[in-house]
Number of protein chains: 2
Amino acid sequence: MSVTMPRGFRASGVTAGLKASGKPDVALVVNDGPSDVAAAVFTTNRCKANPVLWSEQVVAGGRAKAVVLNSGGANCYTGPQGFQTTHASAELVAAKLGIGAIDVVVCSTGLIGEQLERGKLTTGIEQAVATLSDTGGQDAAEAIMTTDTRSKQAVREASGWSVGGMAKGAGMLAPALATMLVVVTTDAAVDAATADRALRAATRVTFDRLDSDGCMSTNDTVLLMCSGASGVTPDEAEFTAAVTDVCHDLAQQLLGDAEGAEHDIAIEVVNAATEDDAVEVGRAIARSNLFKTAVYGKDPNWGRILASVGTTSAAFEPTALDVAFNGVWVCRGGEPGESRELVDLNDRAVTVTVDLKAGDEKATIWTNDLTHAYVHENSAYST
Amino acid sequence: MSVTMPRGFRASGVTAGLKASGKPDVALVVNDGPSDVAAAVFTTNRCKANPVLWSEQVVAGGRAKAVVLNSGGANCYTGPQGFQTTHASAELVAAKLGIGAIDVVVCSTGLIGEQLERGKLTTGIEQAVATLSDTGGQDAAEAIMTTDTRSKQAVREASGWSVGGMAKGAGMLAPALATMLVVVTTDAAVDAATADRALRAATRVTFDRLDSDGCMSTNDTVLLMCSGASGVTPDEAEFTAAVTDVCHDLAQQLLGDAEGAEHDIAIEVVNAATEDDAVEVGRAIARSNLFKTAVYGKDPNWGRILASVGTTSAAFEPTALDVAFNGVWVCRGGEPGESRELVDLNDRAVTVTVDLKAGDEKATIWTNDLTHAYVHENSAYST
């Protein structure tokens, strides 16, 4: 169900032939209203893909009536010709649906630096419009997959309204070409400002804290569309919580399907002076290849964690730091603590806790280990 | 020869038994003067190893008469007991040589979070003092190796004076436990301020621009000792150039021996608005696992380069960027340029050129590819 669970939405997923594999590669999600409120967050990469450049303009007004997504090509670094392809896609969807091109968000994912085949895309979009259905969420979720091994969907039901979502990729800062694309729908009746605040609050503590391999995609997009079809206007806190729940659920699914990963790692930084400090420390650890290879080798190597903490500007004293793997405090006060032998890293889920002893704030960053399979997938993908 | 080529220096390298392999693991370099001028740069990691905490104090006065180095243990995150081991090492060297402990720099490398065996270290130091020789440079260079596959040495001769150096590790920001330790000697007669300026100028454009895997060691030390034994006081520019030459030579040897690497990559960033911009862009590319795995796969993936450039704050326009692999401009103006098929990445040496079209400044950052062997070595090292 996912994006078509909330009332007022139709979706579809079809095979346009953009993917060499012959799997579905064009998805469409349409908001039939009565409201067309929308909000979005995009990659902060300064070298943005053409669909991002276009979609930023669409959503600037706080409204969108449809989103067309394709896998099989990122349409990134493809110049004016690529931008025209994005624009033509929006125009075609608009013409078929009787709306304006400026109402249509466009998302693309796949190889970068190559033009999308306009003819195939056109055929795919026509087919996607023709097969729109209020049970099309599953098909749409499958059509946006690239290196994903499974589709990602989530729903939350509230009193008379609901939130649904689909995602592909492996993190806001994603492996390989696994650009993260997320579409979240709701039939709650909210205004554009509320939608924007709720989406930013949700992504800040979910997708923004997923740092699978430290590489920021050029195409990342998280779109929230609100149909208002339930007629219910929830309390903003309740609405934000529901959107955050769906985003968290999807983020954890992305983490669990990251390219080549064998461990899902939660890095909890506690007793930080500020939340920013906690995030900075967590991110520094998540970006250490030495830490990530150690977890792959099931080695509770706390020294590599302290070495990462030491590169940050967070408030802490080196001789006060405690570090735990799965609850075993292998480092106490910057020295060896409990025995490393007590740590079991055989399960996929690993929790690292870093106690900065500098305040009361905390944050969790999620990442994966660095494995042979990661190297293989990312050295072989485009060749 | 290396560190013992300049007059006024003796060195040795012995086996103390700190390494399980039974290979040499304690090195000593002594400056017999007449001058004891010294300068050093240390890791900027805030979680520093005990020998770094000690040696910073030694060199603060611009003087040092000896440096004792051990492999087989980093003496890092070992608390007060570890600091006492460092201090005891300096005191023992000082007592045997008839100098002060505060004249003795200490460097350690190896596993972190474990105490060094004091008895073995003591025996090793006594043996190292007993075997000091003015031809001991080679032995010293071998005794500081950890995961290095070969010793690194360099010399430069000038008119009546010379510079020699030895190094171990794989970069200022080094793989695994490959802390970078460098000792540079000269018989030029220079004052402490000149030595400090020359060393900082040299490391800024050599070791500081080596970014093999983005992980900063806790023990990195580059030490310059000046005996004045030649009686020659060179022009400062000439002296700085010679020290820079030796540092560059050693840095390239470190790059060529980085753990598991199959490619040595020079990232040349040209036409930047500032040198800082060029360094920021080069470093961002050097830290992209996607770029590094692509080079391993011999894939001239310029899209991953632009995605890295886009994460920086450097001055540039995305649609103006040019990128070349080994001289083939595969990206022109942010779009596909010459055919990727023209690029040959079979040689170990790879040059990536990024033209920012934003000014006249430039910088080169050196890095390695990310390989299966890197993952293997760093997931298996301590287990």
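The values are calculated or read from the model by the stated rules, or taken from the named source; none is laboratory data. No experiment lies behind these values; they were computed from the predicted model shown. No Cβ is skipped: glycine too gets one built from the backbone with ideal geometry, and neighbour counts run over all protein chains shown. Each accessible area value is taken on the protein alone, full model and side chains, heavy atoms only, with ligands, DNA and RNA left out. Shrake-Rupley method; radii C 1.70, N 1.55, O 1.52, S 1.80 Å.
Charge dipole (Cα centre; +1 on Lys/Arg Cβ, -1 on Asp/Glu Cβ; no other charges) of segment A:264-380 amounts to roughly 340 debye.
A P(r) calculated from all alpha carbon pairs of segment A:264-380, with 10 Å bins opening at zero, reads 15, 49, 29, 7, 1 percent. Sparse packing (at most 14 other Cβ atoms within 10 Å of the Cβ) combined with a DSSP loop state is found for none of the GluC sites (Glu not before Pro) in segment B:220-302. Only protein atoms count toward the accessible area here, which uses a 1.4 Å probe; on the protein assembly as shown, the carbon and sulfur part of that area reaches 48 percent.
FRET efficiency for the pair B:Arg150 and A:Leu53, taken as 1/(1 + (r/R0)^6) with r the Cβ-Cβ distance and R0 = 60 Å, rounds to 0.75.
Residues whose amide H lies under 5 Å from that of A:Arg63, counting only those 5 or more places away or on a different chain, are A:Ala38; hydrogens are built 1.01 Å from N in the peptide plane.
Using the alpha-carbon positions of segment A:34-87, Rg (one decimal) and Dmax (whole number) come out as 11.9, 37 Å. Modelled label positions at B:Lys96 and B:Lys23, each set 7 Å beyond Cα in the direction of Cβ, lie 2.2 nm from each other.
Relative contact order, whole percent, for segment A:246-383 stands at 42, derived from Cα pairs under 8 Å and 6 or more residues apart. Using a simple spin-label model with pseudo-atoms 7 Å out from Cα toward Cβ, A:Ala237 and A:Thr135 lie 3.9 nm apart. For chain A, set up a GNM with springs between Cα atoms under 10 Å and report which of A:Ala130, A:Ala66, A:Ala74 has the largest fluctuation. Of the options given, A:Ala130 has the highest mean-square fluctuation.
Which pairs in the list A:Lys292/B:Lys152; B:Lys23/B:Lys120; A:Lys298/B:Lys168; A:Lys120/A:Lys168; A:Lys19/B:Lys292 are over 24 Å apart, alpha-carbon to alpha-carbon? The pairs that break the limit, which is 24 Å between Cα atoms, are A:Lys292/B:Lys152; A:Lys298/B:Lys168; A:Lys19/B:Lys292.
Expressed in Å, the radius of gyration and Dmax of the Cα atoms of segment A:107-258 are 15.8, 46. Within straight-line reach of B:Lys362, meaning a Cα separation under 12 Å, sit the following aspartates and glutamates at least 8 residues removed in sequence or on another chain: B:Glu268, B:Glu275, B:Asp276, B:Asp277, B:Glu280.
Equivalent-ellipsoid semi-axes for the protein assembly as shown (Cα gyration tensor, √(5λ), whole Å, largest first): 54, 28, 20. Under a 5 Å amide H cut-off, with hydrogens placed 1.01 Å from N, A:Leu210 pairs with A:Met172, A:Trp366 among residues at least 5 apart or on other chains. Across identical copies of the chain, B:Ser159 has label-point separations of 9.2 nm, listed in ascending order, with the point defined 7 angstrom from Cα along Cα→Cβ. Each copy carries A:Gly119; placing its label point 7 Å along the C-beta direction from Cα gives inter-copy distances of 8.2 nm, listed from smallest up. With θ taken as phi - 60° and the Karplus curve 6.51 cos²θ - 1.76 cosθ + 1.60 applied, the whole-hertz 3J(HN,Hα) list for segment A:68-82 is 10, 10, 10, 9, x, x, 8, 6, 10, 6, 10, x, x, 4, x Hz, x standing for glycine and proline. In terms of its C-alpha gyration tensor, segment A:12-158 comes out rounded, because the ratio a/c of the largest to the smallest axis stays below 1.5.
For segment A:180-274, what percent of Cα pairs sit more than 20 Å apart? Result for the distance tail: 44 percent. Per-residue Karplus couplings for segment B:42-53, computed as 6.51 cos²θ - 1.76 cosθ + 1.60 with θ equal to phi - 60°, are listed in order as 10, 3, 8, 4, 6, 9, 8, 6, 4, x, 5, 4 Hz, Gly and Pro entered as x. Contact order, relative form, for chain A: 18 percent (alpha carbon pairs under 8 Å, 6 or more residues apart, mean separation divided by residue count). Per-residue ellipticity at 222 nm for the protein assembly as shown, helices alone: DSSP H runs ≥ 4 residues times -39500 (n - 2.57), over residue total, nearest 500 deg cm²/dmol? When only DSSP H runs of four or more count, the value is -9500 deg cm²/dmol. Secondary structure note: in the protein assembly as shown, about 70% of the DSSP beta bridges are antiparallel. Assuming charge only on the beta carbon of Lys and Arg (+1) and of Asp and Glu (-1), the dipole of the protein assembly as shown about its Cα centre is about 420 debye to the nearest 20. Eigenvalues of the alpha-carbon gyration tensor of chain A, scaled by 5 and square-rooted, set the equivalent ellipsoid semi-axes at 38, 23, 17 angstrom, largest first.
When accessible surface is computed with a 1.4 Å probe, chains A and B are found to bury approximately 4000 Å² between them, both chains counted. Segment A:242-287 and segment A:313-383 have Cα centres lying 12 Å from one another. Per-residue 3J(HN,Hα) values for segment A:319-330, derived from phi via the Karplus relation 6.51 cos²θ - 1.76 cosθ + 1.60 with θ = phi - 60°, read 7, 10, 6, 10, 9, 10, 10, 6, x, 9, 7, 6 Hz in sequence order (x marks Gly and Pro).
Test of understanding: in a Gaussian network model of chain A with alpha carbons linked when under 10 Å, which of A:Ser71, A:Ser133, A:Ser55 would top the mean-square fluctuation ranking? In the Gaussian network model the winner is A:Ser133. Projecting 7 Å from Cα along the Cα-to-Cβ direction, the label point of B:Asp344 sits 5.5 nm from its equivalents in the other copies, listed shortest first.
Each of A:Leu121, A:Ser35, B:Thr233 was placed along the dipole of the protein assembly as shown (beta-carbon charges, centred on the mean Cα), and the one lying farthest toward the positive end is A:Leu121.
Contact residues in segment A:68-95 by the 40 Å² criterion (accessible area, 1.4 Å probe, full protein complex versus chain alone): A:Tyr77. Under 5 Å from the amide H of B:Glu338 lie the amide H atoms of B:Trp329, B:Val330, B:Cys331, each residue being 5 or more positions distant or on a separate chain, with H modelled from the backbone and absent for Pro and chain starts.
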